[in-house]
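Visitor: Here it is, the structure, as structure tokens.
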Amino acid sequence: MKHIFTLAVCVLAFQVSAQMIEQMPKKATLQELETSRLLGLEEIARSEAAGMRGGDSTLIFFYEDFANGLAGNNGFGALSTEDSSPDNTIWQYVDAAGDGYFQDATASGVQPPAGEFSTNIGALSSMTANNGWMIFDCDYYNTPIASGVEDTEGFLNLPTMDMTNLSSVVITWDQYLRYCCYPYLPIFVEVSTDGGSMWTSFEAGGTFIPSANSASANPLVTSLDISCAAAGQSAVDIRFAYLQSPISGGGYSHYYWGIDDISIEANPVSNSLELVQLTNGDVYNLFEYRVTPMEQAVPAADGGVLAGVLYRNAGFLNQENCVVTVDVLDDAGNVLSTTSTDPFTAPSFANNDNCPANPQDTLYIATGWEPDGEGLYTLRATMASDSVLAAYVAGSDDSELTVDMEYTECEFGHDNAGTLDVELGPRFDDENDFFEPTGYGNRYTFNNEGTTVYGLAVAFGPSLGSGIDFEIRWIDQDPEVGLSDSPYEFAEFSSDANWAGTPASPVYYPLAFEDEIEVSVEGLASPGFYAGAVITEFDFDDLELTVLGNGNSDTDNSTIIYQQAGSGEYVWFTSQTATPAIRLITCPVVSVDVLGAYNGVHLDGNFPNPTAGETRFRFNADWGGDFMIELRDLQGRLVDVVDLGARPAGEHTVVYNASALADGMYTYSLVTNGVRVTKKMRVQH
């Protein structure tokens, strides 16, 4: 058994390649994803906050709703701001009319957020937004982008407070945020008890899954127990801090952070345990899966299914003799396996050896169970101490968490078909009136030797249009260069609106790679990371390549998304909030060659191959029309186009001189009448 304690955001932070998240998207129009957040997110957070208040208003020690701006109406004194601009003009106070004002009370002349990327998306929907709120509008500060961009930092300082009589301290506030350009959260609550010489930093993202360029819930109600730093102290300084990440060293320049309705109170709850999340696998280092092929089930000899139980002690007393029990059940509810931990102590936030204390702790439990056949199984976790039975964090009466696990013959996926609730699609460029290029996918690791990948099963969204040229890709992630520059295999298709499904009735459409892909794990010092994805590198006036997904679910950082970076290039970003319904197929499906033949076109392999000079492409078509051949390198870059002009139906041979191409692997595609068939070619001088 392995007992690991970690910050929730670490699930994401240690798996991200800087190559994939190096710059911000060029356009800030909100995606469908960003407006389709998990239902009930803010209600869950409000339940947590209400539980800490205990419904007793006399426990409120400090409250600020910015009705008097920075002058304050909290009973302790005025607030102040600092930021990295020369004249302290990143923070703005927003009045009841939505107008912004700087620290010196001069009007900004805008209604925040007002940046070039934020595009005036609207105010913070806090409980008392109609009487004022605060915003760190770094996007507006860096507008216009053409004049240059700089990283930003800033602080919203609360008045100094005497907390000698508080044995626990919980701070709660309403916020909304969007940030760029790395996945690590740039927002913190910081506490000092020595006049500001030293600060203790608490990550302030709450239930928001860290994701560069994605918007949080509005409002995102957030609570932090800062007892370990503030409780019993006579002079406590607290500030909301927007800071550059020490991991990336910089890169945070755009979007916004709105704050309102700040309250500080004692925790009235003495004994409390909360189950936060149950995972099927190690989401700290690897990934979890909802659908697993039998050949990738973890053998009992290797520990079997690994359950990750995330929990927290939300009371102000330590919980003694805590025990977590994990059961595996079949689809009839029969218990197949039970594993319990040895008793342990779950310290309160105030008594934790670490400060800041982790917002939740993670216990990984090897169940020793492996499936003996295909089917649907359930992982179930319960937790209890001498004083209390753990409750589910949503505030319901449930005292257990469950997660479904499906074992199949030949599907491998992260998504849950029963809870699909978002349609992932391209961003629309309002200025140029087209849908931008886009791509979505999932990352994978393999535990056992012997798996072959034949293609992808994709649940396309209801907005899918016909005639979109796109690829499916198998990416072999090179940790030295990141996903965007890693080698990949691909096959090309043209979309059909008949492939579309809905969240209630998804259709997983099978698409095959040209060649089967053998996955090997032997000899690897660490797990190899791979990705399966759909992608279109073209813009379309009125067509969308969309897939279904599970919103606010990517806690293992397995999702990838293809977007435009500030440099103008399109790159793969990790650290997203949703899980696309895209699965690997590990048993034979109809090959790309056959699919091409069904469309009336067949393309043979070139000869000779490898080639150092002349080579021949031969193809057969059931109709006459205009034909061309496109050559690309393995990064998908177009290196040559051969316009064949009008050709009649029948068999044709084209001589191509490859002597000008550098050594390496290339693909060539025959394109005609909306059909694209692709083969590989190696150049070797």
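The values are calculated or read from the model by the stated rules, or taken from the named source; none is laboratory data. All figures in this text were calculated on a predicted structure; none of them were measured in a lab. Cβ: placed from backbone, ideal geometry, glycine included. Neighbour counts: every protein chain shown.
Visitor: Consider only pairs whose beta carbons are under 9 Å apart and that are at least six residues apart or on different chains; among these, list those whose first residue lies in the range 660-672 and is of a type in the set (D, E) and whose second residue is at pLDDT below 85 and assigned to a strand (DSSP E or B).
Guide: D663/R682
Visitor: Okay, next question. Quick check: anything in the range 159-171 touching a residue at least 60 places away in the same chain (Cβ under 8 Å), in contact with a Phe, Trp or Tyr (Cβ under 8 Å, 6 or more places away or on another chain) and closer than 30 Å to N142 by Cα?
Guide: Checked the range 159-171: at least one residue is touching a residue at least 60 places away in the same chain (Cβ under 8 Å), in contact with a Phe, Trp or Tyr (Cβ under 8 Å, 6 or more places away or on another chain) and closer than 30 Å to N142 by Cα.
Visitor: Quick one: which strands (runs of 3 or more DSSP E) lie wholly within the range 356-456 and hold at least 2 residues that are of a type in the set (D, E, K, R)?
Guide: 400-408
Visitor: Can you confirm whether S385 is crowded, with 17+ Cβ neighbours inside 10 Å, more than 31 Å from the chain's Cα centre (by Cα), in contact (Cβ under 8 Å) with a residue 40 or more places away in the chain and on the phi < 0 side of the Ramachandran plot?
Guide: Criteria met by S385.
Visitor: Sticking with this structure for a sec: Can you name every one of the strands (runs of 3 or more DSSP E) wholly within the range 235-334 that holds 1 or more residues which are within 30 Å of N74 (Cα to Cα)?
Guide: Counting at least 1 such residues, we get 237-242, 254-265.
Visitor: Of L524, L543, which residue is without any contact (Cβ under 8 Å) to a residue 40 or more places away in the chain, assigned by TED's automatic domain parsing to the domain that holds Y562 and among the hydrophobic types (A, V, I, L, M, F, W, C)?
Guide: Going through L524, L543 in turn, the sole match is L524.
Visitor: Among (1) within 21 Å of the chain's Cα centre (by Cα); (2) more than 30 Å from E150 (Cβ to Cβ); (3) not hydrophobic (A, V, I, L, M, F, W, C), there is one condition H254 misses while meeting the rest; what is its number?
Guide: (2)
Visitor: What number of residues within the range 470-482 satisfy the criterion of being outside any loop (DSSP other than H, G, I, E, B) and at pLDDT below 90?
Guide: Total meeting the criteria: 0.
Visitor: Same structure again: Just checking, does the range 200-220 include any residue being part of a strand (DSSP E or B) and over 30 Å from M163 (Cβ atoms)?
Guide: No - not one qualifying residue is present in the range 200-220.
Visitor: Next question. Of the conditions (1) within 22 Å of the chain's Cα centre (by Cα); (2) of a type in the set (A, V, I, L, M, F, W, C); (3) within 26 Å of E522 (Cα to Cα); (4) surrounded by fewer than 22 Cβ atoms within 10 Å (Cβ to Cβ), F412 fails just one. Which one is it?
Guide: (4)
Visitor: A follow-up question, please. Can you name the residue in the range 170-189 that is modelled with pLDDT of 90 or more and closer than 15 Å to Q576 by Cα and, of all such residues, is surrounded by the most Cβ atoms within 10 Å (Cβ to Cβ)?
Guide: Y179
Visitor: Out of the residues in the range 142-167 that are of a type in the set (S, T, Y) and either touching an Asp or Glu at 6+ places or on another chain (Cβ under 6 Å) or buried (at least 22 other Cβ atoms within 10 Å of the Cβ) (or both), state the one that is farthest from F117 (Cα to Cα).
Guide: Result: T160.
Visitor: Let me ask something else. When the residues of the range 66-125 are narrowed to those that are among the β-branched types (V, I, T) and assigned to a loop (DSSP other than H, G, I, E, B), which ends up surrounded by the most Cβ atoms within 10 Å (Cβ to Cβ)?
Guide: Filtering the range 66-125 for residues that are among the β-branched types (V, I, T) and assigned to a loop (DSSP other than H, G, I, E, B), the one surrounded by the most Cβ atoms within 10 Å (Cβ to Cβ) comes out as I90.
Visitor: Take the residues of the range 231-242 that are modelled with pLDDT of 95 or more and buried (at least 18 other Cβ atoms within 10 Å of the Cβ): which is farthest from the chain's Cα centre (by Cα)?
Guide: Q233
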